[in-house]
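Remarks on the structure that follows.
The values are calculated or read from the model by the stated rules, or taken from the named source; none is laboratory data. Remember, it's a predicted structure, so these values are computed and weren't measured experimentally. Cβ atoms come from the backbone with ideal geometry, glycine included; neighbour counts cover every protein chain shown.
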């Protein structure tokens, strides 16, 4: 386990805390929420463990703040919950924020996980003649619409010189996509861990490519803008606990996997392999990562995946811009 993480975490909290605190409006000083509503996905390991360990609840209880957890099947649905005011905070991949911002959602980037390109991949059947991304031309590829693998597929095709319109995208959530893959109804499947690792081990699947050299595969913590403006100290506490959880995971992969296995319904060895594909290291949002998000947004606009051009740095608090 890295011994530099506590320093990284202190720097992380200093950066995030300062950005959030300077954006708080005095008029909201006495209107802090008494409930923090967090959206999570079963595959979001750090948040799932944070929920299970109840450390955040213990930390916020002396302030009279309770925590409500709501599970979502994937990032797009989670951000729809954020958009309609059902949750205050959540964790998603790189494509959902772009799509949701284009839909007019009022959120801010709060922090991000350093690159995890090995945590997503494109699977084909073991005996398929598909040997390169270029071979996907004309093929049926399943993916969860608007999730991080949506951008991964676009980027992989671009790198191989294949147009996005030259493949047949089949939009399916992970469980349905796996079923379609196993009955040969699709030719390829773009998916993330731990579902990726499970399919590699349990289905007739071969990894065509992961995200290495193609995408960064950042994960983001996002907050509803009004909540971030009014509850900077609460969010700083959340991010502190998230950082501690990430540090613990990196030193206890097997134990973390054993705890996640009954929650995620997968074998612990599958989960542990997937855990090792994520970094579990988080940093304040900066200009470089926002530039990467802008590139995704511009590409999605050109492909008409989103209807309008957006500026990703608009989705930060003033002090972070």
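Quick grid of which residues meet (1) closer than 20 Å to residue 318 by Cα; (2) modelled with pLDDT under 95; (3) part of a helix (DSSP H, G or I):
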| site | (1), (2), (3) |
| --- | --- |
| 68 | no, no, no |
| 73 | no, yes, no |
| 81 | no, yes, yes |
| 91 | no, yes, no |
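For (1) assigned by TED's automatic domain parsing to the domain that holds residue 98; (2) farther than 22 Å from residue 116 by Cα; (3) modelled with pLDDT of 95 or more, each residue gets a yes or a no:
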site	(1), (2), (3)
264	yes, no, no
296	yes, no, yes
300	yes, no, yes
310	yes, yes, yes
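Screening segment 99-168 for strands (runs of 3 or more DSSP E) wholly inside it with 3 or more residues that are outside the structural domain of residue 285 (by TED's automatic domain parsing) and either surrounded by fewer than 24 Cβ atoms within 10 Å (Cβ to Cβ) or more than 13 Å from the chain's Cα centre (by Cα) (or both) returns the ranges 120-125, 140-143.
Per-residue answers, yes or no, for (1) over 20 Å from residue 107 (Cα atoms); (2) assigned by TED's automatic domain parsing to the domain that holds residue 76; (3) touching a helix residue (DSSP H, G or I) at 6+ places or on another chain (Cβ under 6 Å); (4) modelled with pLDDT under 95:
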residue	(1), (2), (3), (4)
243	yes, yes, yes, no
250	yes, yes, no, no
269	yes, yes, no, no
274	yes, yes, yes, yes
303	yes, yes, yes, no
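The set of residues in segment 249-278 that are crowded, with 19+ Cβ neighbours inside 10 Å and closer than 30 Å to residue 312 by Cβ comprises 249, 274, 275, 277, 278.
Would you be able to say whether some residue in segment 205-220 is under 27 Å from residue 83 (Cβ atoms) and part of a helix (DSSP H, G or I)? Steps first, answer last, please.
Initially, segment 205-220 is screened for residues under 27 Å from residue 83 (Cβ atoms), giving 211, 215-220.
In the following step, the residues that additionally are part of a helix (DSSP H, G or I) were identified as none.
Among the residues of segment 205-220, not one is under 27 Å from residue 83 (Cβ atoms) and part of a helix (DSSP H, G or I), which makes the answer no.
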